[in-house]
Amino acid sequence: MTDAIVLDQVSKTYDGAAVLQPTDLFIPQGQFVALVGGSGAGKTTLLKTINGLVALTAGRVRIDGAATADLDGPTLRRRIGYVFQEVGLFPHLTVAENIGVVPTLLGWEPARIAERTTELLALVDLPAALAARRPAALSGGQRQRVGVARALAARPSILLMDEPFGALDSVTRVALADDVRRLHDQLDLTTVMVTHDIAEAALLADRIVVMAGGKVIADDTPKTLLAGHADPAVEALMQAPRRQAARVREITGE
Amino acid sequence: MNSGLLSLLPDRLAWHVVLSASALGLGLLIALPLGVLAARSPRLRWPALALAGLVQTIPSLALLALFYPLLLLLSNLAKGAFGHGFSALGFLPSLLALTLYSMLPILRNTVAGLTGVEPAIVEAARGVGMTDRQRLWRGELPLALPVIMAGVRTAAVWTIGAATLSTPVGQTSLGDYIFSGLQTENWAMVLTGCIGSAALAMAVDQLLGLVERGAERRDKRIWGAGLVGLTIGLVAAVAPLAADFAPHPSTYVIGAKNFSEQYILAELMADRLEGHGARVTRKINLGSAVAYRALAAGEIDAYVDYSGTLWANVLGRTDNPGRAAVLDGLRAELKRRDGVVLLAPLGFENAYALAMRRDKAQALGIRTLADLAAKAPDLTMGGDLEFFSRPEWANVERVYGLRFKAKRQFQPTFMYRALGSGEADVISAFSSDGRIAADGLVVLGDPKGALPPYDAVLLVSPSRANDAPLRKALAGLDGAITVEAMRAANLSVDRDDHKSSPTEAARALEKGLRTGQP
């Protein structure tokens with residue numbers, strides 16, 4: 001299996017303070033990786049080094065074998081889907097125009113963009129009638145679905161998500177999370193998702209990378225990590241989903 | 001409101017629109033890119049906003065006035081370097097001052113609009129792979145547009161209002177109504193200028209508001225309607241000027257300073273030229289020194305000045321060799337210095353004369369300037385806006401040793417009012433002013449001859465020195481106007497009831513010249 005994303009001794013320093021220690025990470029094609037950790041752990045910084053939203057202080061990032069330093073930022077980012085908590089839909093554009101923004105930047109034919117927009121609305125389970133609406137007329141969940149559709153519009157093979165469900169209520173959150181995992185499998189994506197919610201990470205990801213103080217402190221499958229880990233900080237993080245699961249079993253009497 | 005008042009409206013409105021639109025356009029062209037740069041660079045932001053704010057604190061009238069000497073200097077430098085200069089009067093100084101004036105609201109709102117775009121939108125724009133330029137054009141500018149448009153609307157309203165102040169630097173605008181109306185206490189005239197410029201500002205503001213709403217809703221029909229409305233308005237307003245720009249060999253520019261007699265004489269000359277089939281434009285309300293320089297530079301073709309004014313202010317003389325000698329001296333010196341032709345003395349004097357209310361003068365026993373010197377420390381002197389800075393005043397003050405309790409400046413009209421209400425005891429009157437007789441004033445004698453004679457003289461620019469049609473049209477004015485006729489004409493414009501417009505007064509004066517009746 002080839003690695004879709006390779007981080008080679010990547011580090012980031014802001015004003016002399018190391019936000020990200022030199023880090024190696026290899027993410028194979030098709031994997032769903034969750035980056036977890038407390039705030040200030042460096043997980044968002046790590047995510048943004050992949051699409052160049054954060055410039056590297058040192059090290060190298062390779063996407064499908066090619067070094068990102070050889071590409072200009074906008075070209076790189078048009079090839080990688082990006083979803084984040086605040087969604088950031090353009091309020092002056094309609095839903096269809098928001099979804100079509102990357103294809104437009106890539107110079108697609110208007111007919112092809114329209115066709116793709118219809119396809120994407122169905123894919124993220126939104127009624128086609130929303131296409132002409134402005135973001136202000138949508139619910140929070142609908143907005144984030146548009147955000148996901150926008151990220152997938154130009155058929156990227158990599159999807160980056162930064163706390164994508166953080167602002168949603170729990171019902172909406174679960175439904176959307178399930179859909180994202182379904183899309184990941186259906187479209188054969190390589191997905192990296194930042195979250196502080198271990199339960200969500202355990203539910204969706206093939207692999208969990210735990211970060212603290214700008215370093216990777218654990219990197220394994222959810223199953224292995226939940227079974228127990230030598231690092232007390234990792235153990236502490238894993239307590240929450242374990243307790244939830246135990247309590248559910250207790251209540252349902254299984 | 002008489003028809004003479006409105007006959008000049010198309011021309012004045014057209015110039016007002018051309019001036020405001022050019023200044024706003026130029027302001028946009030400079031302030032928008034500057035605003036974009038300032039929004040991106042905090043280091044540029046502070047100085048740019050501070051500078052624009054500083055310009056705003058300069059009174060707009062002063063800003064306009066300051067551009068005249070600046071441009072005159074540049075024009076002279078250009079003349080030295082390239083052989084020919086440019087007009088420092090009229091359109092150019094007005095345009096530059098108004099452009100500076102229009103920049104602040106546009107700049108400030110552009111910066112506020114762009115820096116006010118939500119950080120999430122900026123991150124999204126970067127995240128989807130927009131370049132800096134695409135982020136500006138597709139994200140930030142459309143989102144900042146309502147704020148920027150609000151700034152443009154403010155700038156438009158300010159510019160249209162301030163354009164009325166371009167009259168004193170010789171630019172025709174709706175301000176001509178306001179300045180002339182104030183001077184002659186013709187409130188209908190002042191109101192015409194105010195209402196005209198206010199209506200224009202409101203109409204432009206509404207149409208820009210339409211463009212703003214349309215842009216906000218991204219409705220092509222709405223912003224299209226706004227733009228079409230603005231374009232139609234602009235073209236319709238400016239249309240009367242098309243004839244001015246068509247090649248026309250005999251367009252004469254008649255100048256006038258800022259008081260009734262000057263307006264009347266300018267209208268009289270303009271009427272005569274038009275009667276001979278020539279086209280005439282008027283530059284009225286010029287400052288005293290501005291008028292002569294404009295004539296010498298060929299920016300106006302003819303106007304009336306006064307021998308003593310030229311003697312003291314242009315030639316810098318303080319002596320008084322007598323009426324005829326002053327005229328002869330001027331005729332030779334103005335020709336030699338500037339190529340200006342003194343065509344003819346008109347026959348009357350409009351002398352600076354110190355005047356008092358008859359009752360007050362009698363009570364204090366004042367008949368002459370020498371009597372006045374003894375009582376002056378208890379009295380207040382009222383002068384017109386330029387009197388105290390003129391060399392003639394310095395001379396009078398020195399010769400008679402005049403020391404007043406206070407000196408106050410007034411618009412000529414209000415100066416006479418001040419005498420009536422006791423706010424001034426002595427004023428710098430004009431001997432041809434109809435109000436001297438009408439208000440029962442006494443003119444104080446000048447036994448030491450400190451004030452020079454002030455014969456009204458018709459001056460012609462160097463380029464029109466040998467212009468036969470001009471000479472023909474103005475023939476017969478030599479010594480033709482008596483001081484009584486001029487006083488009557490002036491009073492008909494200045495009095496409170498049954499006011500004439502300067503045009504009507506000029507026609508009446510002309511009629512008197514033909515029939516020999518004052």
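Exposure proxy for B:Ser20, B:Ser197: other Cβ atoms within 10 Å of each Cβ, ordered fewest to most, give B:Ser197, B:Ser20. Looking only at the range B:341-356, which residues have a backbone nitrogen under 13 Å from a spot 7 Å from the Cα of B:Arg323 in the C-beta direction? Residues B:345-351 qualify, since their backbone N sits under 13 Å from the label point. Of the residues B:Val36, A:Phe26, B:Leu8, the one whose Cα sits farthest towards the positive end of the charge dipole of the protein assembly as shown is B:Leu8 (charges of +1 on Lys and Arg Cβ, -1 on Asp and Glu Cβ, taken about the Cα centre).
Of all beta bridges that DSSP places with both ends in chain A, some 55 percent have antiparallel geometry. Comparing mean-square fluctuations of A:Asp70, A:Asp24, A:Asp162 from a GNM of chain A with C-alpha springs under 10 Å, the top value falls on A:Asp70. By the beta-carbon count within 10 Å of each Cβ, the least crowded to most crowded order of A:Arg150, B:Arg282, B:Arg514, B:Arg331, fewest first, is B:Arg514, B:Arg331, B:Arg282, A:Arg150. In the calculated pair-distance distribution of the range B:29-149, the portion above 19 angstrom amounts to 58 percent of the Cα-Cα pairs.
Return the FRET efficiency for the residue pair B:Ala394, B:Thr368: r is the Cβ-Cβ distance, R0 is 25 Å, and the value is rounded to the nearest 0.05. For R0 = 25 Å, the calculated efficiency reads 0.85. Counted residue by residue at 0.36 nm each, then reduced by the alpha carbon distance between them, the extension gain from B:Thr515 to B:Lys335 reaches 61.4 nm. Only beta bridges with both residues in the protein assembly as shown are counted; by DSSP, about 55 percent of them are antiparallel.
Assuming R0 = 51 Å, what is the FRET efficiency of B:Asn76 and A:Ala55, from their Cβ-Cβ distance, to the nearest 0.05?
In this case the efficiency is close to 0.40.
Label sites at B:Ala508 and A:Phe26, each approximated as a point 7 angstrom past Cα along Cα to Cβ, lie 10.6 nm apart.
Projecting the Cα atoms of B:Ala242, B:Val147, B:Gln171 onto the charge dipole of the range B:3-243, computed from C-beta unit charges around the Cα centre, puts B:Val147 farthest toward the positive end.
The helix-based estimate of mean residue ellipticity at 222 nm for the protein assembly as shown, built from -39,500 (n - 2.57) per DSSP H run of four or more residues and divided by its residue count, is -17000 deg cm²/dmol to the nearest 500. Counted by neighbouring Cβ atoms within 10 Å, the residues B:Ile58, A:Ile27 run from fewest to most as B:Ile58, A:Ile27.
Averaged over the residues of peptide B:115-128, the number of Cβ atoms from other protein chains lying within 10 Å of each residue's Cβ is 6.
If only the Cβ of Lys and Arg carry +1 and only the Cβ of Asp and Glu carry -1, the dipole of the protein assembly as shown around its Cα centre is close to 700 debye. Projecting each Cα onto the charge dipole of the range B:192-334 (Lys/Arg +1, Asp/Glu -1 at the beta carbon, about the Cα centre), which of B:Thr231, B:Tyr306, B:Ala266 comes out farthest on the positive side? My answer, from the dipole projection, is B:Thr231. Note on the range B:14-139: with charges restricted to the Cβ of Lys and Arg (+1) and Asp and Glu (-1), its dipole about the Cα centre is near 240 debye.
Does a label point 7 Å from the Cα of A:Ser139, set along Cα-to-beta-carbon, have any residues of the range A:172-216 with amide nitrogen under 11 Å, and which are they? Counting backbone N atoms under 11 Å from the label point, the list is A:172-173. Summarising the overall dimensions of the range A:167-210 from its C-alpha atoms, the Rg and Dmax are 10.6, 28 angstrom. The calculated FRET efficiency for A:Leu106 paired with B:Ala289, based on their beta-carbon distance and R0 = 60 Å, is about 0.35.
Which percent, to the nearest 5, of DSSP beta bridges fully inside the range B:352-443 are antiparallel? Beta bridges within the range B:352-443, antiparallel portion: roughly 55 percent. Extending 7 Å from the Cα toward the beta-carbon at both B:Ala199 and B:Ala406 defines two label points whose distance is 4.1 nm. Per-residue mean of foreign Cβ neighbours for A:85-92 is 6 (Cβ atoms of other chains, 10 Å radius). Each Lys and Arg contributes +1 and each Asp and Glu -1, all at the Cβ; summed about the Cα centre of chain B, the dipole is approximately 1140 debye.
Bear in mind that the values in this text are calculations on the coordinates, not laboratory data. This one's a predicted model, so the numbers in the text were calculated from it and none came from an experiment. Every residue, glycine as well, gets a Cβ built from its backbone with ideal geometry; the counts of neighbours run over all protein chains shown.
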